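What follows is a set of notes on a single structure, which appears directly below.
The values are calculated or read from the model by the stated rules, or taken from the named source; none is laboratory data. Just so we're clear, the structure is a prediction, and the values are computed from it rather than from any experiment. Cβ: placed from backbone, ideal geometry, glycine included. Neighbour counts: every protein chain shown.
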Amino acid sequence: MPRDVLVSPGDLMVTQEVAAAMPDGRRITRWTFGSRAGVTAEVLSLGARLQALNAPDRAGRKANVVLAGGSVQDLLGQASYLGATVGRYANRIARGVLRLGDVMYRLDTQLTGHTLHGGPDGFATRLWDGVPVRADRQVGVRFRLRSPAGDQGFPGTVTAEVTYLLDSDGELSITYQAATDAPTVVNLTNHAYFNLAGEGGGTVFDHLLRVEAAGYLPVDGDLIPLGPVEPVAGTPFDLRRARRIAGCVTAEHPQLRAAGGGFDHTWVLDGCGFRRAAVLSHPASGRQIECLTTEPGLQVYTGNHFDGSLIGRSGRRYTAYAGIALETQHFPDSSNRPDYPSTLLRPGEKYRSRTVYRFSAE
């Protein structure tokens, strides 16, 4: 399909094209942006989704390093979270019960009986309105979505924005904003799965991961936090020094079994404000991602439940551990846990969150 060149300052560019159509005929738009010589990104209006991220290795060879569904049917089904902006509430709310003060709301739930990533028809399955943007030596796309009161059971009408910006040095910035007309909860994140060997390039067992956290949240069999923060010391969750993923997720530990044979947990990040959360690297290619965020937590999921039934854009099947998600966010079920950082948003307030994925090759 023909591409419209929307912004082209020097080495940076943004193009737009119709990528596909929804079942009801509405068009899905794809924006491609970034540095012609460096990192480029593709995002879709469906789910305000990061669909591809092409990054060079140490020899300058580019490869897409995020997993992505290959069809609209997949993007509305089993691949709906891949690369998507998930909300209103990323992660889980136990039993779909949302308590705000003295009022209890019943949210829509998945088959598990809990609310995951905003419910069965959350932000990941919506068409967002997008416009190209240019900032100081950065180009990208800003998406906007209106979520009416009662959407998936949540109170308040929420207007959400997510802005992707990429510079010529390979720094991808994702900034979130939201406002509401009634008290509600907001917790947004991006659900990209990374494989620095390339999309469909096998497991992430040979990747190294470091997380700046001395504590994590153990979970029950439904992946709902059990409660207090536990220290990572002496466990496979101690990633304060970079460790090979294979050695961590294959260790014998009850929390790894609870998550289906790997990580699907929230690390409680050290410090506050905008700071480094994690570093993911792939020694064979030299590719590395440094993740920085304003958020208090990092959900690390090692793709334990990929079973080969999903075929990616590469034409290869995604089996277990085909990618790793680094989801910067607030803690799961925090509306029911007064000891966790609050996700409450009131009228007149502005929800703001920022995450940066900084790419390099060594």
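Gly170 - would you say it is at pLDDT below 95 and buried (at least 18 other Cβ atoms within 10 Å of the Cβ)? It is true that Gly170 is at pLDDT below 95 and buried (at least 18 other Cβ atoms within 10 Å of the Cβ). The strands (runs of 3 or more DSSP E) found wholly in the stretch 1-106 and carrying at least 1 residues that are within 24 Å of Ile174 (Cβ to Cβ) and of a type in the set (A, V, I, L, M, F, W, C) occupy 4-7, 12-21, 27-35, 40-44, 49-56, 62-64. Just to verify a result, which residue in the stretch 75-93, among those that are touching a Pro at 6+ places or on another chain (Cβ under 8 Å) and of a type in the set (A, V, I, L, M, F, W, C), is surrounded by the most Cβ atoms within 10 Å (Cβ to Cβ)? If we take residues in the stretch 75-93 being touching a Pro at 6+ places or on another chain (Cβ under 8 Å) and of a type in the set (A, V, I, L, M, F, W, C), then Ile93 is surrounded by the most Cβ atoms within 10 Å (Cβ to Cβ). Of all residues in the stretch 279-295, at least one satisfies being under 24 Å from Asn187 (Cα atoms), at pLDDT 95 or above, among the hydroxyl-bearing types (Ser, Thr, Tyr) and out of contact with any Gly (no Cβ under 6 Å at 6 or more places or on another chain).
In the stretch 215-249, of all residues being charged (D, E, K, R), in contact with a Lys or Arg (Cβ under 8 Å, 6 or more places away or on another chain) and surrounded by 14 or more Cβ atoms within 10 Å (Cβ to Cβ), the one that is farthest from Gln288 (Cα to Cα) corresponds to Arg240. Residues that are farther than 30 Å from Gly156 by Cβ and either of a type in the set (S, T, N, Q) or out of contact with any Gly (no Cβ under 9 Å at 6 or more places or on another chain) (or both) within the stretch 173-195 comprise just one, Asn195.
In the stretch 44-57 there is no residue matching the filter, namely being more than 25 Å from Ala179 (Cβ to Cβ), modelled with pLDDT of 95 or more, of a type outside the set (A, V, I, L, M) and in contact with a His (Cβ under 8 Å, 6 or more places away or on another chain).
Residues in the stretch 175-190 that are surrounded by 24 or more Cβ atoms within 10 Å (Cβ to Cβ) and within 19 Å of the chain's Cα centre (by Cα) were compared, and the one that is nearest to Val103 (Cα to Cα) is Val185.
With respect to Pro236, determine if the residue is in contact with a helix residue (DSSP H, G or I) (Cβ under 6 Å, 6 or more places away or on another chain) and part of a loop (DSSP other than H, G, I, E, B).
In short, yes.
Any chance the stretch 188-200 includes a residue that's modelled with pLDDT under 95 and either acidic (Asp, Glu) or in contact with a Phe, Trp or Tyr (Cβ under 9 Å, 6 or more places away or on another chain) (or both)? Checked the stretch 188-200: at least one residue is modelled with pLDDT under 95 and either acidic (Asp, Glu) or in contact with a Phe, Trp or Tyr (Cβ under 9 Å, 6 or more places away or on another chain) (or both). The set of residues from the stretch 64-79 being in contact with a strand residue (DSSP E or B) (Cβ under 7 Å, 6 or more places away or on another chain) and aliphatic (A, V, I, L, M) comprises Val65, Val66, Leu67, Ala68, Val72, Leu75, Ala79.
Taken residue by residue, the stretch 244-262 has at least one member that is within 17 Å of His207 (Cα to Cα), part of a loop (DSSP other than H, G, I, E, B) and free of Cβ contacts under 8 Å to residues at least 40 places away in the same chain. Applying the condition of being within 12 Å of Asn187 (Cα to Cα) and in a strand (DSSP E or B) to the stretch 326-353 and asking which residue is nearest to the chain's Cα centre (by Cα) yields Glu327.
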